[in-house]
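For reference, the structure discussed in these notes is given below.
Just so it is clear, none of the values below were taken in a lab; they were calculated from the coordinates. Everything numeric in this text was worked out from a predicted model, so none of it was measured. Quick reminder, even Gly has a Cβ in these numbers, built from the backbone with ideal geometry, and neighbours come from all protein chains shown.
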Amino acid sequence: MLRLPRRGVSSHTERDRRTARGPGARRSDDSRGGSSVSARERIRARRRRARSSDRGRAIYLLPNLITSASLLLGFWSIVMSIDQRFERAALFIVLAGVCDIFDGYVARATRSTSPFGVEYDSITDMVSFGIAPALLVYNWVLAPLGHRAWLIGALFALCAALRLARFNVHVNESDRYHGIPSTAAGAFVAATVWFMGWLGLTPPFSPVLSLVLTIGFATVAVLMVSAVPYPSWKMVHITRRHPFTTLVALVLGLVTILLHHEPMLFAIGLLFIASGPALWLIDRRRAPQAIAAEPTESTARPTKGPPREPTGHVG
């Protein structure tokens, strides 16, 4: 008769088998469990690093995407100028200016500034605020003046390129620009096109008006490469003095511009262009006063004479 082994024997056999394996067997099992746990932790850490790197790439791409939108808007402005759709070309320049303002703010807010972004932004500004406004000026007002009128458009593009190159090599930490920014110059060209259309004046213009516009655009081009000081956005501090008043003024200004953008943008552009020579004159007047107010070496450091001998009766 076949008899099955009892449980006691099997358990005893299993205990003998564990004893035969030695004291290091349980340790090896524990080490295997620990290694599996550490492997899972490594996989999780790798996944976290991958997610963080993907998030970092998305943040890095965001300002560059805005810059790309500005470049495309500048290209569309060139196409509209060739098609003689001047107001649409002016609109695309203004929208490119809005993108140019936001890409810098986004890059600084997300701490994603890079040398690539600086160079890409400079190339984009050359297209959107150098070539596009120059071509708009030529097709809008200069073409009927003769074959030599293209020189004014070329002057605008050349000054914009020099302005951008100077901006890249000189770090400006002050609250002023040196020369009109290329973005403001291109926006002023667009605002002039809108303002003339708002007045009902369309090309071809009269010789007098064409001459005035030509001189005005040439002046703006020269001011881009000048050393005339211009106020920058750094002078507007919403979070410092009178934050509520400053914020309300900005909101009212934006609403007014949206309701009457043709005359308001042109007026703001004229005031901004005139602010540069006004600041230059103010600085020229303050300079002699500042020099006169500085203490000279003789007044700043009083001379010390030889020590006096003590006076008194000698006994």
- request: In square nanometres and to one decimal, what's the mean projected area of the convex hull around the Cα atoms of the range 143-206?
  value: 5.7 nm²
message: For a Förster distance of 45 Å, can you work out the FRET efficiency between the beta-carbons of H260 and S38, rounded to the nearest 0.05?
response: 0.10
- prompt: Going by average Cβ neighbours within 10 Å, how do the peptides 223-229, 250-256 rank, with the highest at the top?
  reply: 223-229, 250-256
message: What does the extension gain come out to for F75 and E119, with contour length at 0.36 nm per residue minus their alpha carbon separation?
response: 14.0 nm
Largest-first principal axis extents of the Cα set of the range 48-286 (Å): 67, 45, 37
query: Which order do peptides 277-287, 82-92, 176-186, 142-152 fall in by mean Cβ count within 10 Å, highest first?
result: 176-186, 82-92, 142-152, 277-287
- request: Subtracting the Cα-Cα distance from 0.36 nm times the residue separation, let me have the gained length for I282 to R111 in nm, one decimal.
  value: 57.9 nm
- line: Checked against the positive end of the charge dipole of the range 48-286 (+1 on Cβ of Lys and Arg, -1 on Cβ of Asp and Glu, about the Cα centre), the farthest of T214, L158, F116 is F116
statement: re the range 63-149: pairs of Cα atoms spaced beyond 20 Å account for a percent value of 38 percent
